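See structure below.
The values are calculated or read from the model by the stated rules, or taken from the named source; none is laboratory data. Keep in mind it's a predicted model, so treat the numbers as computed, not measured. Neighbour counts run over all protein chains shown; Cβ positions are idealised from the backbone, glycine included.
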């Protein structure tokens, strides 16, 4: 965990910027969410997991990987933004073309 990077992010995104991370409710909630998720050590590992998940679910729920700010690992989450959804759709089309 890079403390300086977390402090910078905390000051930029949370309303009470002078409050330490240890006392910030939002930061502690995010840290608890991180601990409840599956950690992946490498991008390749999480990408393989996501590909398998997409094949099993037939791309019903688009999922993307992200680098966690609380731990040195990757996690996956549901694609929310338009850009993320486009990337998943592009990957789906690529997988159909390979088949």
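Residue pairs whose Cβ atoms lie under 8 Å apart, separated by 6 or more positions or on different chains, with the first residue in the stretch 63-75 and free of Cβ contacts under 8 Å to residues at least 12 places away in the same chain and the second exposed (fewer than 14 other Cβ atoms within 10 Å of the Cβ), are 66/77. Residue check: residue 71 meets all listed conditions (1) loosely packed, with under 15 Cβ neighbours inside 10 Å; (2) assigned by TED's automatic domain parsing to the domain that holds residue 3 but one, namely (2).
Please work out if residue 5 is under 20 Å from residue 73 (Cβ atoms), modelled with pLDDT under 85 and either part of a helix (DSSP H, G or I) or assigned by TED's automatic domain parsing to the domain that holds residue 71 (or both).
Numbers: under 20 Å from residue 73 (Cβ atoms): yes; modelled with pLDDT under 85: yes; either part of a helix (DSSP H, G or I) or assigned by TED's automatic domain parsing to the domain that holds residue 71 (or both): yes.
Spelling it out, residue 5 is indeed under 20 Å from residue 73 (Cβ atoms), modelled with pLDDT under 85 and either part of a helix (DSSP H, G or I) or assigned by TED's automatic domain parsing to the domain that holds residue 71 (or both).
Taking the criterion of being in a helix (DSSP H, G or I) and under 13 Å from the mean Cα position of the chain (by Cα), the residues of the stretch 37-63 that qualify are 43, 46, 47, 50.
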